[in-house]
1. Applying the selection to the range B:165-189, what residues are farther than 22 Å from A:R75 by Cα and in contact with a Leu (Cβ under 9 Å, 6 or more places away or on another chain)?
2. If B:K130 satisfies all but one of (1) in contact with a Leu (Cβ under 7 Å, 6 or more places away or on another chain); (2) part of a helix (DSSP H, G or I), what's the number of the condition it fails?
3. Of the conditions (1) within 30 Å of A:A154 (Cβ to Cβ); (2) of a type in the set (A, V, I, L, M); (3) open to solvent by less than 10 Å² (accessible area, probe 1.4 Å), B:M160 fails just one. Which one is it?
4. Which condition does A:L34 not pass, out of (1) closer than 21 Å to A:A185 by Cα; (2) within 15 Å of ligand 1 (Cβ to nearest atom); (3) out of contact with any strand residue (DSSP E or B) (no Cβ under 7 Å at 6 or more places or on another chain), if it passes all the others?
5. Spot the failing condition for A:D211; the list is (1) over 24 Å from A:A231 (Cα atoms); (2) away from ligand 2 (no atom under 16 Å from the Cβ), and only one is missed.
6. Looking at the range A:181-217 only, could you name the residues that are among the charged types (D, E, K, R) and surrounded by fewer than 23 Cβ atoms within 10 Å (Cβ to Cβ)?
7. Residues to consider are B:F204, B:F263, B:F191, B:F215; find the one that is modelled with pLDDT under 85 and in a helix (DSSP H, G or I).
Amino acid sequence: MARIELKDVVKCYGTVEVLRDINLDIKDGEFIVLVGPSGCGKSTLLRMIAGLEPISQGDFLIGGERMNDVRPRDRDIAMVFQSYALYPHMDVARNMGFSMEIRKDPANERMSRVKQAADTLGLTALTERLPKALSGGQRQRVAMGRAIIRDPRAFLFDEPLSNLDASLRVEMRLEIARLHQKLGATMIYVTHDQVEALTLADRIVVLNGGDIQQVGSPLELYERPANKFVAQFIGSPTMNVVSVTGGKNKVTTADGVAIALPHLKGTERAVEMGIRPEHIDVVDVNAGHLIGIADVVEHLGSDTNIYVDVEGLGPILVRKHGNIPAKTGDRLGLRIQSENAHAFAADGVALRQTNTNEA
Amino acid sequence: MTVARSKPILTAGKYAALLAYLTFALFPLYWLLKIAITPDQLIFSEGTTLWPSSLTLDNFRTVLFQTDFLYYFGNSLYVSLGTAAATTLIAAGAGYAFSRFDFGGKKIIIAIMLITQMFPLLMIIAPIYKMVASLGLLNSLTSLIVVYTAFNIPFATFLMQSFFDGIPKDLEEAAMMDGCSRFQALRKVIFPLTLPGLGATLGFVFTAAWSELLFALMLISKNEAMTFPVGLLTFVSKFSVDWGQMMAAGVLALIPSCLFFIFIQRYLVQGLTSGAVKG
Ligand SMILES: Nc1ncnc2c1ncn2[C@@H]1O[C@H](COP(=O)(O)OP(=O)(O)OP(=O)(O)O)[C@@H](O)[C@H]1O
Ligand SMILES: [Mg+2]
């Protein structure tokens, strides 16, 4: 019912194309997260789905119906704005019930829905306040309440948690996950936050410069990034990338260390190798692939980050679980878990893995 | 007021400065009132004493019942209210369009509106007279409303535009997502938030029209169509500058302006949009 499809969608401002060839098929009830660097077009894409921004080219369908030219009010989509956009002259209850007021739903039904939503969001005591008398987190919840009050076909969220402090973010993130489970509605969610993206999404859409880089489940993006951009964008801390020379089933680093990569196809074309910080082991000096000097050691409690200066390759970040007794200045051997390594061709495209049957 | 507690001298200084300014600004008004209630024979004899030795309301009585003052007053009220209403209505529409839409010629229209504000009024008074005369509207209050409206629209439009600019676009969009048409969003969300802007514009235009003299003098020569500022001049000729009555008329003329601002001042309170966005 609320399947959302975008076919060859293009968005231009004047002569500038800000989104190109967007193809997305969002299943009913799916939780899609849009990520990408600032200015890549996430908000624009969301606003086109909402109907607030005209679509320059291509087709946009909801439930199989073409919706390009349908007014926002007739799309039956709710949106939580990045700025919350609460009506400042209306109290919390009226803010939340506004859509039902406009639809001329019976007042008693509206009241009970508002009360229900306020209970769900922990706003019961605040229903008579004006937005200006609310904290950021409370405003955020009112904005959410305004969306859930009318069970729409789809929800759009534009960085709803970006202005909240860390603990409130975690709380609201769980709230949104719970909401999705309860309502089972299609949700499209824009965020800059890795953790939000990885924990909430059924599928993540990675955008860069107006193009979709990859669409896939969080694990898929983490394990099989389609290109260097996705590889470096997904995962925190960022994947290490070093220049290599390709060879048959192996790559060779600048200082002549060969690393066997039998799980990748076409390693002859590789010009760079990517390895996530958590996929490097610290070993005895001569037992690993690389040798380097620990430059900075960060003890995070649960993890240890070691920035290792490897001669000829530059800095490599190693992340290990637990507390590693390393200190600045230590000479360390690094062993690359080659089965978890990625390799990229000259155009940045990731070499495919032999054990998956991707098309 | 942490400031008040920690720096009493600074606070006292601030109030002293405010007091000095108020005295300066309100002194002419005080003088107006003083002369209005001073008996005629004392005006010159007592000179510049701050308070006359005896008071009278004769001047008010004469002005109200023995001159055409009430007539002028009504004319002025009619013209000023008409101008304020017409200007604000048009300026609100134009300001909204300038603030929210991109359309062909927008820049040119804004430029032209700015240019109209650059000419000294004296330069265009003759052509305006000819136009109004050829329309047969001389000596009619309608002509004043039309001319005042035309003159006030550019400034009022920019004023309204800046008020609309101050209302986040997200609010309208949120309303549209909530099921409003653009017009409903305007009426239910934007309009209530623009009340301070509408109030300010109404007040500004009303006062401008209320005290306008040049065009009124030019376009009106018949007594029954005179507005108050023109009528005030009749005190000069008829009674060889009757200061007491003139000042009494002036005091009375302040009343509608004051009432008007008392009426709209609650819409002028700031901060109506606070809380809309996570600032
Ligand atoms: N009205 C406009 N006219 C011209 N260009 C625009 C307009 N609105 C947005 N853009 C451009 O479109 C691109 C995408 O903007 P968008 O707001 O979608 O980015 P975003 O991915 O949401 O960024 P952020 O993460 O910072 O919110 C940007 O390069 C921006 O400059
Ligand atoms: Mg954005």
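1. The answer is B:G166, B:I167.
2. Unmet for B:K130, out of (1) in contact with a Leu (Cβ under 7 Å, 6 or more places away or on another chain); (2) part of a helix (DSSP H, G or I): (1).
3. (1)
4. (3) is the only condition that A:L34 fails.
5. Among (1) over 24 Å from A:A231 (Cα atoms); (2) away from ligand 2 (no atom under 16 Å from the Cβ), A:D211 violates only (1).
6. Of all residues in the range A:181-217, those among the charged types (D, E, K, R) come to A:182, A:193, A:196, A:202-203, A:211.
Once the filter is applied, which keeps residues that are among the charged types (D, E, K, R) and surrounded by fewer than 23 Cβ atoms within 10 Å (Cβ to Cβ), the range A:181-217 yields A:K182, A:D193, A:D202, A:R203, A:D211.
7. Going through B:F204, B:F263, B:F191, B:F215 in turn, the sole match is B:F263.
For every residue, the table says whether it meets (1) modelled with pLDDT under 95; (2) within 14 Å of chain B (Cβ to nearest Cβ); (3) more than 30 Å from A:L164 (Cα to Cα).
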position	(1), (2), (3)
A:M1	yes, no, yes
A:L6	no, no, yes
A:K11	no, no, yes
A:T15	yes, no, yes
A:D25	no, no, yes
A:I32	no, no, no
A:E53	yes, yes, no
A:E65	yes, no, yes
A:S83	yes, yes, no
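The values are calculated or read from the model by the stated rules, or taken from the named source; none is laboratory data. These numbers come from a predicted model, not from an experiment. Cβ atoms come from the backbone with ideal geometry, glycine included; neighbour counts cover every protein chain shown. Only protein heavy atoms, including side chains, enter the accessible area calculation; ligands, DNA and RNA are left aside. Shrake-Rupley method; radii C 1.70, N 1.55, O 1.52, S 1.80 Å.
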